[in-house]
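In what follows, a single structure is set out as structure tokens and then discussed.
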Amino acid sequence: MKIGIPKGLLYCRYYPFIKKFLLELGVEFIVSEDTNKTILNNGVKYSVDEACLPIKIFHGHVVSLVGKCDLIIIPRIMSIRKKEFICPKFCGIPEMIKNSIPNLPKITELPIDISSPKSLYNWCRYIGKYVGAKSGDIKRAYYRAIITQKNFKTGIEDNEYKINIGLLGHPYNVYDNFVNMNLVKKLHGFGVGVVTEEVVEEQEIEDEINKLFKRPFWSFARNAYGAAGNFYKNKKVDGIIYISSFACGIDSVVVELIKNRIEDFPLLILKVDEQTGEAGFSTRIEAFVDMIERRKKIENNISKLG
């Protein structure tokens, strides 16, 4: 019995949990390789045209696992925070996969509410029973995986740069270097540091959300807006880059909210899809950095005495 894990979507955030759980059960597993051109091309081939880039890439990761395992984990994640939801495409992704990719092995279809320990445990029991594990072993593996996940810290907080930029967007856009064309490395090459939403405390995000007329019920929108507002208010960064998937409805809403919150603060929206070219991408980043550098020089030359 071998389980396949696609390295797409929220793998970047929750891989410590699932890998630890399977290791504790003694189950053999395989993880798809890092996103590359072949995975992208297969994703475009097998997914619907209307799908966003991350969903297409996830299809490509699944295709790369076909014929190599007996079960592929497809995360039907419904929620990661109480009374909130994430991208609606997560809700239907098992059906998208089943109806798009031929010769699939068995896939997981059970919904997961990560904010609910009961739901998460039921999902683990579902996996454990499939591989023939005993109830006691499943429970022990679950609790050890929980500890591993709690000890896992994500996020970037550079401190050694004179200019810092807040990097926001869905985590699978921020942390997939193929999708964002090594954006963090590019910024470091320009002498610019990076700060991501994870460095903002939960209460600080909540303070920003409370300023809105209505709370967003999408967790990714909440996090991005809260982080952007906090960056702006506390001047933690000199500008913000938001990585947005073309045709993402959630992004289209949150970007407008962020613009209203930060007023004339430097903001660059980078939209990505399968047609995005690296040359134009790099040119826009360089121009944005140049603008911030000029802005800082002007601010530094203004006398504090008036």
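Read-outs throughout are calculated quantities, based only on the coordinates presented, and are distinct from any laboratory measurement. Source: prediction; values computed, not measured. Here the Cβ positions follow ideal geometry from the backbone for every residue, glycine too, while neighbour counts run over all protein chains shown.
Each residue of the range 93-100 was assigned a 3J(HN,Hα) from its phi angle through the Karplus curve 6.51 cos²θ - 1.76 cosθ + 1.60 (θ = phi - 60°); the sequence is 5, x, 5, 4, 5, 4, 8, 10 Hz, with glycine and proline shown as x.
Packing-based ranking of 41-47, 98-104 yields 41-47, 98-104, ordered from highest to lowest mean Cβ neighbour count within 10 Å. Counting only Cβ charges, +1 for Lys and Arg and -1 for Asp and Glu, the dipole size of the range 163-301 around its Cα centre is about 340 debye. Only alpha carbons enter this Debye calculation for the range 98-156, each as an equal point scatterer, and the log10 of I(q)/I(0) it gives at q = 0.24, 0.26, 0.28 Å⁻¹ is -1.01, -1.08, -1.15. Partner aspartates and glutamates whose Cα lies under 12 Å from the Cα of LYS129, excluding those fewer than 8 positions away in the same chain, are identified as ASP137. Of all beta bridges DSSP finds with both residues in the chain, what is the antiparallel percent, to the nearest 5? Of those bridges, close to 5 percent are antiparallel. In the range 31-144 the Cα-Cα distances spread across 5 Å bins starting at 0 as 2, 11, 19, 19, 19, 15, 10, 3, 1 percent of all pairs. Rounded to the nearest 20, the Cβ-based charge dipole of the range 24-109 about its Cα centre (Lys and Arg +1, Asp and Glu -1) stands at 260 debye.
Model label points for MET1 and ASN151, set 7 angstrom from Cα along the Cα-to-Cβ axis, are 2.6 nm apart. Dipole check for the chain: with +1 at the C-beta of Lys and Arg, -1 at the C-beta of Asp and Glu, and the Cα centre as origin, the magnitude is about 860 Debye. Annotation for LEU212 and VAL66: the two label points, set 7 Å from Cα along the Cα-Cβ direction, are 3.8 nm apart. Once you have a ≥ b ≥ c as the square roots of the Cα gyration tensor eigenvalues for the range 244-287, tell me rounded if a/c is under 1.5, and otherwise prolate or oblate according to whether a/b is larger than b/c. Cα axes put the range 244-287 in the oblate bin. The CYS12 and ARG140 beta-carbon pair, evaluated with R₀ = 25 Å, returns a calculated FRET efficiency of approximately 0.45. At what distance in nm do the modelled label points of ILE298 and GLU278 sit from each other, each positioned 7 Å from its Cα along Cα→Cβ? Between ILE298 and GLU278, the simple spin-label model gives 3.3 nm. Figure legend: label point modelled 7 angstrom from the Cα of PHE178 along Cα→Cβ; residues of the range 49-82 with amide N under 20 Å from it are 49-69, 72-75. The LYS259 and LYS118 beta-carbon pair, evaluated with R₀ = 41 Å, returns a calculated FRET efficiency of approximately 0.55. List the aspartates and glutamates whose Cα lies under 16 Å from the Cα of LYS134, skipping any in the same chain that are fewer than 8 positions away. LYS134 reaches GLU24.
For the pair the range 28-78 / the range 226-302, the C-alpha centres are spaced 29 Å from each other. Rounded to two decimals, the Cα-based Rg/Rh of the range 163-301, with Kirkwood Rh, is 0.95. Relative protection proxy for 199-207, 225-233, from highest mean packing down: 225-233, 199-207 (other beta-carbon atoms within 10 angstrom). Database remark: amide H of LEU267 closer than 5 angstrom to the amide H of ILE240 (H placed geometrically; neighbours at sequence offset of 5 or more, or on other chains; Pro and chain starts carry no H).
Cross-link check: pairs LYS56/LYS150; LYS118/LYS259; LYS271/LYS296; LYS89/LYS233 evaluated at a Cα-Cα cut-off of 31 Å; pairs beyond the cut-off: LYS118/LYS259; LYS89/LYS233.
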